[in-house]
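The structure appears below as structure tokens.
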Amino acid sequence: MVAQRLPPEPKGAEITAPALYARRREFLARAGAFIGTSAGLGAGLTWLSERGGVSSGPPGTPPAPPPAPFGQASPWSPLTPSPFSVPRGEATAFDAVTTYNNFYELGLSKSAPARNAGSLRTAPWTVRIEGEVHAPQTVDVDDLTRWFPLEERVYRMRCVEAWSMVIPWVGFPLSSLLARVKPTSHARFVQFTTLLDPEQLPGQTSAVLDWPYVEGLRLDEAMHPLTLLAVGLYGTPLLGQNGAPIRLVVPWKYGFKSCKSIVSIALTRERPKTTWAAAGPSEYGFYANVNPAVDHPRWSQGSERRIGKLERIDTLAFNGYADAVAHLYGGMDLTQNF
Ligand SMILES: Nc1nc2c(c(=O)[nH]1)N[C@H]1C(S)=C(S)[C@@H](COP(=O)(O)O)O[C@H]1N2
Ligand SMILES: [Mo]
């Protein structure tokens with residue numbers, strides 16, 4: 001994430017635009033039929049816009065099949081759509097989402113993770129739930145996906161490097177899992193840990209970061225309904241490069257908070273170590289809320305390059321989710337708590 005590693009201009013812009021266009025047409029055709037039968041979702045969207053408008057787009061974006069080149073049927077369809085979604089028609093092309101990645105354990109360039117993901121064995125896979133919980137346990141990720149209804153959540157994703165995407169995740173709220181394992185009264189934070197295994201994640205043989213990658217949230221952030229544990233995108237299981245088989249998604253924070261390929265979720269009393277804040281405390285904070293008013297020391301955060309779009313767009317406070325989350329930071333100086 002240092003300046004020298006800023007991504008080159010996307011060669012994807014021309015390639016992905018037609019795919020996006022095709023899906024938009026499909027979306028428009030399907031949305032009409034869906035909206036009429038979806039009073040519940042419509043009501044959800046109204047609720048959101050009244051309470052603070054996560055989405056201003058058309059309601060009822062139905063889950064669409066995965067893009068043709070990958071063609072496998074979704075093991076999860078039909079997915080429950082979510083009122084927290086932005087319109088699915090805005091989603092970044094599948095090819096871009098799965099070939100333009102940050103996953104330093106699989107290489108430092110944007111294209112390396114997709115190339116190198118074959119070394120990551122994502123099944124079987126267990127996640128330890130530990131620390132300040134009444135029901136600590138190690139659970140198979142397949143069981144996790146059966147415990148909770150899977151939803152499609154189409155979220156904006158803003159990297160601290162000032163590029164962004166819109167990704168149709170499949171997952172369940174972290175709050176559902178936390179409610180099940182019951183944090184103790186001492187729990188104040190949650191720490192997430194990526195798999196540590198240099199054979200599967202060869203980038204861990206280089207000292208570019210202190211491995212394993214760890215991230216963390218305050219408990220109230222972790223309990224927020226927008227905070228997702230994702231197991232898929234575009235209706236199909238996550239690929240290695242996107243953090244298979246299970247990763248965090250916190251859409252109002254810079255992408256580095258969204259820890260990939262998680263093996264541990266630990267409830268803690270103290271604020272946990274987080275990888276990027278430890279690597280560069282003057283550049284990357286614990287909170288890392290998307291904030292166009294606080295520049296990175298070496299570049300502006302006021303605008304962003306939306307992958308697949310030609311024009312830069314303005315970056316929104318809390319990545320456009322301010323009405324849903326700003327209350328979590330009442331009384332805090334967000335220029336200090338960056
Ligand atoms: N374990 C791990 N998680 C990680 C990263 C990483 O290098 N290692 N990169 C982060 C960054 S900087 C971003 S922007 C997002 C990118 O997610 P994506 O490649 O699925 O779009 O993953 C985040 N999670
Ligand atoms: Mo990022």
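The values are calculated or read from the model by the stated rules, or taken from the named source; none is laboratory data. Just so you know, these numbers come straight off a predicted model, no measurement behind them. Cβ atoms come from the backbone with ideal geometry, glycine included; neighbour counts cover every protein chain shown. Just so you know, the surface numbers come from the protein's heavy atoms only, side chains and all, with ligands and any DNA or RNA stripped out. Shrake-Rupley method; radii C 1.70, N 1.55, O 1.52, S 1.80 Å.
If you add up the charges near residue 298, with Lys and Arg at +1 and Asp and Glu at -1, over every other residue whose beta carbon is less than 11 angstrom from its beta carbon, what do you get?
With Lys, Arg at +1 and Asp, Glu at -1, the net is -3.
Which percent of the accessible area of segment 174-287 is formed by carbon and sulfur heavy atoms (probe 1.4 angstrom)?
Roughly 54 percent, rounded to a whole number.
If you count only protein heavy atoms and use a 1.4 Å probe, how large is the accessible surface of residue 309, to the nearest 10 Å²?
Roughly 80 Å² of residue 309 is accessible to a 1.4 Å probe.
Could you provide, to the nearest whole Å², the per residue accessible area of segment 106-161 with probe 1.4 Å?
Dividing the accessible area of segment 106-161 by its residue count gives 45 Å².
Taking the Cβ of residue 78 as the center, what net charge do the other residues with Cβ under 12 Å away carry, scoring Lys and Arg +1 and Asp and Glu -1?
Value of the local net charge: -2.
Would you work out if segment 230-303 is rounded, prolate or oblate? Take a ≥ b ≥ c from the square roots of the eigenvalues of the alpha-carbon gyration tensor; rounded if a/c is under 1.5, else prolate when a/b is larger than b/c, oblate otherwise.
Verdict is oblate for segment 230-303.
Can you order the peptides 94-106, 209-221 by their average number of other Cβ atoms within 10 Å per residue, highest first?
Ranked from most to least packed, the peptides come out as 94-106, 209-221.
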